[in-house]
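One structure below.
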Amino acid sequence: MLAGLRFTSLRLRLVVVFGLVALTAAVSASGIAYWLNREAVLTRAQDAALKDFRQQMQNRAGALPADPSQEDLQSTAEQMATSSQRYSVLLVAEKKNGGQIVGYSDLDAFTLAKVPGSLQKAVSEKQPLTSGNKSPYHLYWQRIADHGTPYLVGGATVIGDGPTGYMLKSLEPEAKDLSSLGWSLAIATGLALIGSALLAQAAATTVLKPVHRLGVAARRLGEGKLDTRLRVSGTDELADLSRTFNRTAENLEKKVADMSAREEASRRFVADMSHELRTPLTAITAVTEVLEEELDAETGSVDPMIEPAVRLVVSETRRLNDLVENLMEVTRFDAGTARLVLDDVDIADQITACIDARAWLDAVDLDAERGITVRLDPRRLDVILANLIGNALKHGGSPVGVSVRLEDDKLVIAVRDHGPGIPEEVLPHVFDRFYKASASRPRSEGSGLGLSIALENAHIHGGEITAANSPDGGAVFTLWLPRHDEGVDDAEDDRAEGDEA
């Protein structure tokens, strides 16, 4: 699962966002809980110890004589240390002749050196008596740490020149309790993070599963499967999105079906029209051939006044006949009914025959090695070559060069002229049907379908035709055909699948 998660994926982002939110909330809650519990634990231990120490100072240290001995201080300190709060005590009294007497409850654990100087100073100073401050001496405390162990140090002086007492209580049990609490909160934070990740995964699955189905459906729709629909359940936004997708797919299916029907009707109309025109064109062609023979005859039986009109009729009839034939060929390509009749063809002989049949031998330079044999449809290759060479002669000018070479498993035939070349804005459209490079010359001798038919014949072979301008001037049309018959078979299979679809 983790291998499929990309940083840019919505699922990963949802999990990360959920995790960050949960981590922030858990850390904040744990930090606040730890701080509140820490203050409560320390304050409770501190208050209890200080309260007991104050009581001990009043009851025991306050009962000492005005000039106690060291034994009196030692005994009293030991008695005070037996309190349930378990703290160490030291008592300090001033001698009459100067100096101090100190009594320890535990000399190893608590000495006067462990009492901070600031605390000693605060304890020894008398405070002015006011209405709100009725005692000249107060109890002071401070938290210290010794070798990593926390302690509470408190001090007070008995009123009336009595001894000064200090207590030292270890807060290590409370620190251990707080450490356990911290670990517990850390574990709870980790569990919350894991739980949030699981919840995020579940939420992402719930949200992204319909999105994934929508993506799959959209891909199927893009592949042409217009009957694709989504199962709709619920009333949330994703359900509304699914309904919108279904309505869009339904409308698209209807529009595509309508366009397909119109396209089919258009193809059928062109095919029917071409078939219907062939019969009268055959008769007209026969008549124009007779008229042409009369024009070429030496007897001059045609009236010179109508001779230009007759020649125009002959020319336009041929042009119309070519247009009808080209339309029928285009219709066959559009309908997917065009088929190949394959044969082993010597390319040099085929190109020579094409040029010779159209009397182009003097205008075309052929650079082709004999013996290059390719399995293809010779009639369709002849159509491709006739269109490419004829287009070069008509628009580029002679001499036209035709070269043949082999590149890996491909046959490459290049047709180059020495004309002005093809304008850059025209290059993308040279194979478009009925495309005219200049709007000012909408009429030409050609039908505007020759290059388009040549390209379709290349495609049915599994090949391609490209158009470009040569660096040395002139246009270059390059025909690429697979040398072996595997490419032809694949093209035929693809066309057959298209027909079945």
Would you pick out the residues in region 79-107 that are charged (D, E, K, R) and closer than 16 Å to Ser170 by Cα?
Arg86, Asp106
Selection within region 219-253 - part of a helix (DSSP H, G or I), farther than 16 Å from Thr206 by Cα and open to solvent by 50 Å² or more (accessible area, probe 1.4 Å):
Arg219, Arg220, Gly222, Arg243, Thr244, Arg247, Thr248, Glu250, Asn251, Leu252, Glu253
Single unsatisfied condition, Pro423 versus (1) buried (at least 18 other Cβ atoms within 10 Å of the Cβ); (2) part of a loop (DSSP other than H, G, I, E, B):
(1)
Can you find a residue in region 258-273 that is of a type in the set (Val, Ile, Thr), surrounded by 15 or more Cβ atoms within 10 Å (Cβ to Cβ) and either modelled with pLDDT of 85 or more or out of contact with any Pro (no Cβ under 6 Å at 6 or more places or on another chain) (or both)?
yes
Looking only at region 173-199, count how many residues are over 30 Å from Arg13 (Cβ atoms) and loosely packed, with under 13 Cβ neighbours inside 10 Å.
5
I'd like to check something: does region 126-138 contain any residue that is touching a residue at least 24 places away in the same chain (Cβ under 8 Å) and surrounded by 14 or more Cβ atoms within 10 Å (Cβ to Cβ)?
no
Can you name every residue in region 77-100 that is crowded, with 23+ Cβ neighbours inside 10 Å and either of a type in the set (Val, Ile, Thr) or more than 20 Å from Tyr151 (Cα to Cα) (or both)?
Val89, Ala93
May I ask you to verify whether Leu361 is open to solvent by less than 20 Å² (accessible area, probe 1.4 Å) and farther than 22 Å from Gly421 by Cα?
no
Region 47-75, subset touching a Pro at 6+ places or on another chain (Cβ under 8 Å) and not charged (D, E, K, R), residue surrounded by the most Cβ atoms within 10 Å (Cβ to Cβ)
Ala61
Evaluation of Thr24 against (1) out of contact with any helix residue (DSSP H, G or I) (no Cβ under 7 Å at 6 or more places or on another chain); (2) over 30 Å from Leu199 (Cα atoms) (one fails), failing number:
(2)
Single residue of Leu327, Leu312 found to be modelled with pLDDT under 75 and either in a helix (DSSP H, G or I) or in contact with a helix residue (DSSP H, G or I) (Cβ under 9 Å, 6 or more places away or on another chain) (or both)
Leu327
Identify, by number, the condition in (1) over 60 Å from the mean Cα position of the chain (by Cα); (2) under 27 Å from Glu39 (Cα atoms); (3) open to solvent by 70 Å² or more (accessible area, probe 1.4 Å); (4) at pLDDT 85 or above that Tyr166 doesn't meet.
(3)
Can you name every residue in region 364-388 that is assigned to a helix (DSSP H, G or I), of a type outside the set (Gly, Ala, Ser), surrounded by 16 or more Cβ atoms within 10 Å (Cβ to Cβ) and more than 48 Å from the chain's Cα centre (by Cα)?
Pro378, Asp382
Odd one out for Thr279, checked against (1) of a type in the set (S, T, N, Q); (2) modelled with pLDDT under 85; (3) open to solvent by less than 70 Å² (accessible area, probe 1.4 Å)
(3)
Of the candidates Leu178, Leu199, Leu191, the one satisfying the condition of being assigned to a helix (DSSP H, G or I), within 41 Å of the chain's Cα centre (by Cα) and touching a residue at least 40 places away in the same chain (Cβ under 8 Å) is Leu199
Flagged pairs (Cβ under 6 angstrom, 6 or more apart or on separate chains; first in region 272-299, farther than 10 Å from Thr317 by Cβ; second surrounded by 11 or more Cβ atoms within 10 Å (Cβ to Cβ) and at pLDDT below 75) are Ser274/Val324; Ser274/Leu327; Ser274/Met328; Leu277/Val324; Glu294/Val302; Leu295/Val302
Restricted to region 10-29 and to residues being over 18 Å from Leu208 (Cα atoms) and either open to solvent by less than 80 Å² (accessible area, probe 1.4 Å) or in contact (Cβ under 8 Å) with a residue 40 or more places away in the chain (or both), the residue farthest from the chain's Cα centre (by Cα) is Ala29
Flag if Gly154 is open to solvent by less than 30 Å² (accessible area, probe 1.4 Å), at pLDDT 80 or above, in a loop (DSSP other than H, G, I, E, B) and of a type outside the set (A, V, I, L, M):
no
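Collect the residues in region 453-470 that are open to solvent by 10 Å² or more (accessible area, probe 1.4 Å) and either assigned to a helix (DSSP H, G or I) or modelled with pLDDT under 85 (or both), keeping them in residue-number order.
Hits for region 453-470 are Leu455, Glu456, His459.
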Residue list for region 202-212, restricted to those being touching a residue at least 24 places away in the same chain (Cβ under 8 Å) and open to solvent by 60 Å² or more (accessible area, probe 1.4 Å)
Val207, Val211
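The values are calculated or read from the model by the stated rules, or taken from the named source; none is laboratory data. Note that this is a predicted model, so its numbers are computed, not measured. Here the Cβ is made from the backbone with ideal geometry for all residues, glycine too, and neighbour counts use every protein chain on show. The area values use the complete protein model at the heavy-atom level, side chains included, leaving out ligands, DNA and RNA. Shrake-Rupley method; radii C 1.70, N 1.55, O 1.52, S 1.80 Å.
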